[in-house]
1. Please calculate the 1.4 Å probe accessible area of D:Thr16, with all protein chains present, and give it to the nearest 10 Å².
2. Please give the per residue accessible area of the stretch A:1-110, computed with a probe of 1.4 Å over protein heavy atoms only, in Å².
3. So if I place +1 on the C-beta of Lys and Arg and -1 on the C-beta of Asp and Glu, and nothing else carries charge, what would the dipole magnitude of the stretch D:58-100 be about its Cα centre? I want it in debye, nearest 20.
4. Mind checking the mean number of beta-carbon atoms from other chains within 10 Å of the Cβ atoms in A:104-117?
5. Leaving ligands, DNA and RNA out of it, work out the accessible area of A:Arg86 with a 1.4 Å probe and give it in Å² to the nearest 10.
6. Roughly what % of DSSP beta bridges within the protein assembly as shown run antiparallel, to the nearest 5?
7. Output ³J(HN,Hα) for the stretch D:239-244: one whole-Hz value per residue in order, computed from phi by the Karplus curve 6.51 cos²θ - 1.76 cosθ + 1.60 with θ = phi - 60°, and x for Gly and Pro.
8. May I ask you to give the percent of accessible area on the stretch C:131-252 that is carbon plus sulfur, with a probe radius of 1.4 Å?
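The values are calculated or read from the model by the stated rules, or taken from the named source; none is laboratory data. Not measured: the values here are computed from a predicted model. In this analysis, Cβ positions are derived from the backbone assuming ideal geometry, glycine residues included, and neighbour counts consider all displayed protein chains. All accessible areas refer to the heavy atoms of the entire protein, side chains included, with ligands and DNA or RNA removed. Shrake-Rupley method; radii C 1.70, N 1.55, O 1.52, S 1.80 Å.
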Protein chains: 4
Amino acid sequence: MTIRTLIWHEHRHEQTNELVAKLYPDGMHGALKNAYKGDKDFVVDHALLDDDAEHGLSQKRLDETDVLVWWGHAAHGDVKDAIVERVAKRVWEGMGLIVLHSGHYSKIFKKLMGTPCSLKWREAGEKERVWIINPNHPIAAGLPEMIEIENEEMYGEPFSIPEPLETVMISHFEGGEVFRSGVTYRRGAGNIFYFRPGHEAYTAYHNPLVLKVIKNATRWAYNPAKPWVGIHPSPNVPHDKAPNPLEVKGPTLHTAGEEGFR
Amino acid sequence: MTIRTLIWHEHRHEQTNELVAKLYPDGMHGALKNAYKGDKDFVVDHALLDDDAEHGLSQKRLDETDVLVWWGHAAHGDVKDAIVERVAKRVWEGMGLIVLHSGHYSKIFKKLMGTPCSLKWREAGEKERVWIINPNHPIAAGLPEMIEIENEEMYGEPFSIPEPLETVMISHFEGGEVFRSGVTYRRGAGNIFYFRPGHEAYTAYHNPLVLKVIKNATRWAYNPAKPWVGIHPSPNVPHDKAPNPLEVKGPTLHTAGEEGFR
Amino acid sequence: MTIRTLIWHEHRHEQTNELVAKLYPDGMHGALKNAYKGDKDFVVDHALLDDDAEHGLSQKRLDETDVLVWWGHAAHGDVKDAIVERVAKRVWEGMGLIVLHSGHYSKIFKKLMGTPCSLKWREAGEKERVWIINPNHPIAAGLPEMIEIENEEMYGEPFSIPEPLETVMISHFEGGEVFRSGVTYRRGAGNIFYFRPGHEAYTAYHNPLVLKVIKNATRWAYNPAKPWVGIHPSPNVPHDKAPNPLEVKGPTLHTAGEEGFR
Amino acid sequence: MTIRTLIWHEHRHEQTNELVAKLYPDGMHGALKNAYKGDKDFVVDHALLDDDAEHGLSQKRLDETDVLVWWGHAAHGDVKDAIVERVAKRVWEGMGLIVLHSGHYSKIFKKLMGTPCSLKWREAGEKERVWIINPNHPIAAGLPEMIEIENEEMYGEPFSIPEPLETVMISHFEGGEVFRSGVTYRRGAGNIFYFRPGHEAYTAYHNPLVLKVIKNATRWAYNPAKPWVGIHPSPNVPHDKAPNPLEVKGPTLHTAGEEGFR
C-alpha cells in the first residue's frame, strides 16, 4: 500500500506577507509535507494555485492521487469552477479529501457540503485546545486527549455544515468559544475530513501533533477500492434485462435505449 | 399557523406530450395542489419554469414561502444558476424543500446534497411498493405500512446521495430493484425531503396516499423560526468583545474590523 | 394539543443535604415545573423515586405521559430494572424523554444509548457557556447564541454516547474542557434529548434560559402519533399473505402460525 | 496485521434438527470459518454456547479477540447476562462485532442498539436479492452490485434499530418486502455490522459472496487502536489539575478525590 498524497496550496500569503514568508520559508505546503516524512506508506507531492492554468490539478494528476490535502484562504475565488468540478468528481469516485482551516470557505468544500460553511473568527493569537472526543477513531491514533496550541486564530460556532458523519474533535478557545474542529463526511466513495488548525500567521503546521492528525486523516481517507466511475451517469435498465424480466405495462416517454434527461 | 407552500413545476411535458397532458389536464402542479385541499393550515400557490425570467421565483416570493415543492425533469438545465443560488440561500435560512421524483437531478437538489444524485431507471409501468420503515415519523402520519402503486417508473440503487439524516421509506420494484424513496436532510435551517414517486407518464399524483406523504412532508419541513440570515456571512468577533476579553498576543494578518476573505 | 409532561425526580439530595434543600425548597422537580408555568400547551406533574414501589411510574401513568423528564444522580442503582424496562418500552412506542445532567448515568439512558455514557467531571463552581450550534433547531427557539451559567459542575469529553442524530449545543468550561451539552436521538418512535446543566449544588434550574431549553425540548420530543405498539413483537407474515403470494419453496423450521424465537 | 477472529455460535439447531445437521455437517460455525480460509490476515477460532459455563467467552478469550462474529437464534435467553455485559464492555473498548441474521434478537445486539430490533419474517424459501447501495464501502469490496440468494427466510421492515451510521445493503424479497440487510454502527470504540442472510434451514453460509461480505466486515470492524479502557469510569479532574487551574468558587457536594455516583 502506497498512498499517493497531493498537497494543494494557494501559496499567495508567503509571497505577499513577510511574516508568513518567515514562518513558512518552504511554504505552508513544505511544512505540511513534513507530516509524512520517513513514512513509506506515503508518496507526497504538491500543487499550487499558480502552477499552471489548471492550478496543478490536471485530470491525469487527480487520477493518480489517492488523497488530496487542501489549504486556501485569500484566493478561493481564483480557483476555476471547471477545476472544482473536476476535483469533486474525483472525490465522488473515491479520492480522499482533507480540507484545512480557511479551506472551509473553498469552492470545493462548499460544493461538497451543500451549505454556506460559515463561522465566527478572531485573530488574537489566543490559546486553542483541540479535544479528541472520539479517541479510538483512526484519525486520533497516537494522540493525547487534547492538543494544546499556544497561538491560533479563533473559529467559533455556529459552523454551518451538515450534521457530520462523525465528530472527532472539538476546540476550546481562550476567548470563550467552541468549534467542531475535526469532522468526517462521505460523498460518493470519497472520504472527507475537515480539520481546523492552521492560520497562516501562526505556526500550527510546525506542531508535530497537528501534523500527526493530518497524516492519520490521510490514511483514514484513503479508499483502496477501484474508482467508482459508475457514479456519474444514471443508466437505464431495459425491461428485458431487469432482475425479474418484465413486460412493459404502461405508456413510455422514453424510447428504448434512450438516455435519460439530465 | 399557516404554511405558505409554493409548488414549483417545470411544466413542459404537459405541453409537448399528449399523454402527460391528458393525465394531468391541470398540470402536475394542479394535481399536487390537491394534496392540501380543504386544509386550512396551508396556503398554496404555484410557480412555473416559464412564468417569467426568474422562473416565478423572485426574491420576494421566496421570502414569503415557507415550503417549496419541486418537480423538474427534462429542463433542469434551463433553470438559471442565479435562481438556484437564491433558492439554496432561502433553504439555508429555513425554507423547507420537498424534491419530487426526477427532481433528484435538479440543480438545486444536487447543490444541496454535494453529490451526483445518480440512480438506475426503467420505464416499464411496473408495480412499486413504498414501505414505511420509520412508521411514527411525522411524514408517515396516517399512512398504512406500505403504499402500493400499480404503475411506476423504476428507480434503483445505488442512489448517490449523502447518508440521510433519516430514511423514512424504501421502495420494492416488481422488476427486482430497491430504492430509498423517502429521505430527510437538514442544510442550515432548512429541512429537506426527497420523495420518489411521480413519473409524468403515470398517475402517482392522483393517488391520495402519495399526496398525503407530500402534505405530511410539507408540515414536517416547515420551520417556524425566524429566517437564519446570519448563516451567510462569517463575522469577526473583535478581541475586546470576546466572551473572555483578550489581549492580542500574536501577529495579525487582518486589520481591526476588516472583513474576512471569502 | 396538550403535552402531558411528567417530571421524574430522584429527590434524595434535598432530604439529606442542607445546601440542596435550601437551593431547591420545592425540590428540583418543583423548580423544573416552572419551565412550563402559564403555558397552556402543557399539563405537568411529577413522580419521585420514593413515591411508591414503582417509583411513581405505573404502566397507567406512563401510558398517559407524552414526555418524561428525568433527573437522577446518587440513587440510579435504586431504580428497579423492571421499571426501567417499562419506561424504555414507552419510549420505543413514542413517549419523549428528556434526560438531565447526571441522568447521563441513569439506567434508562444507558439502556437506550447502548454505551457507557461516561465523561469527566469537576465540581468547582466554574463558569459554563452553552453554545447553540444549531440555532434554528426547535430546541433552540428564542434562545441567544450562548447561555452563560456562572457556576456549574464541569462535564468534559469524551462523552461515550453514540454519534447523535443532531448536536444542538456544545459547552465551554472555564477550566478548559468542552462537552456536547445538547444532543438528540430517536429510539423507535421516541424522541430523546440529553441536556447537560443542572448540578444539584448550584442554581441552573432557576435560570430562565435553562428552563426555556427544557420546555422547547419537551415540545420537540412530543410525538403526536398513536403509540407504536407493533414495535415489540416480530410478527410472522404467512406465505399466502405476502404482498406477492408465494408457494413455500424450501424446508421450514417453524410450523405454520408458530411464534418466532425471542 | 493479524485479525484475531472469534466465531460465536449457538449450535443447537444442528443437534436437534436433521435438516440443519445435514446442511451444516461441521456446524454453521464450521461453514463460517471458510470465509477466512487461506487468508493470512486472519486467525480464526470458534466458541459455542454450551462450551462451558461462560459460553466459551472468558474474559481472557475476549481480551484476545479483535472481532467477534455472532450467530444465535433459539437460545438467546440461555446466554447469561453477565457474559453479555462482558462482551458489551469489550465492544466499547474496541472489539469489532458482526451480528448475523437471527442475531438481531440476541441480548448483545439489543443491548448495544437500545431498541427492540424487531422485524417481520416469513419462512418460504423465497428469493432474496441483497443490493449493495454503498458500493465503495470497505464491506462491499469485490462484490457485484447485487447478491442473489435463491432460497432464504424473509425479514421485512420496519426493522426497529436506531438510524444506522451507514446503510450498506438493502434486500429485495420475492414476496414483496424490503429490509436494511447491511448496516454499520459504532459504540464506544467498537465497530458493529449487522448482516441479514443466514437462516439455518438454507445454505447462505455456503455462498461465497455471503462469506466475502462477512470477511470484508471483519476487516472493516477491526480497530487496531489500543483498547479504550478509559471508557468505563467517569474520572474526576481536580480543580488544581484543570487545563486552566481554578479556585473552587461554589459549594461542593463531593469531597476532594471522592468517586462520583454511578
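1. The accessible area comes out at roughly 110 Å².
2. 39
3. About 60 debye.
4. The per-residue average across the peptide is 4.
5. We get 50 Å² for A:Arg86.
6. 55
7. After applying 6.51 cos²θ - 1.76 cosθ + 1.60, I find 4, 8, 10, 5, x, 9 Hz.
8. 54
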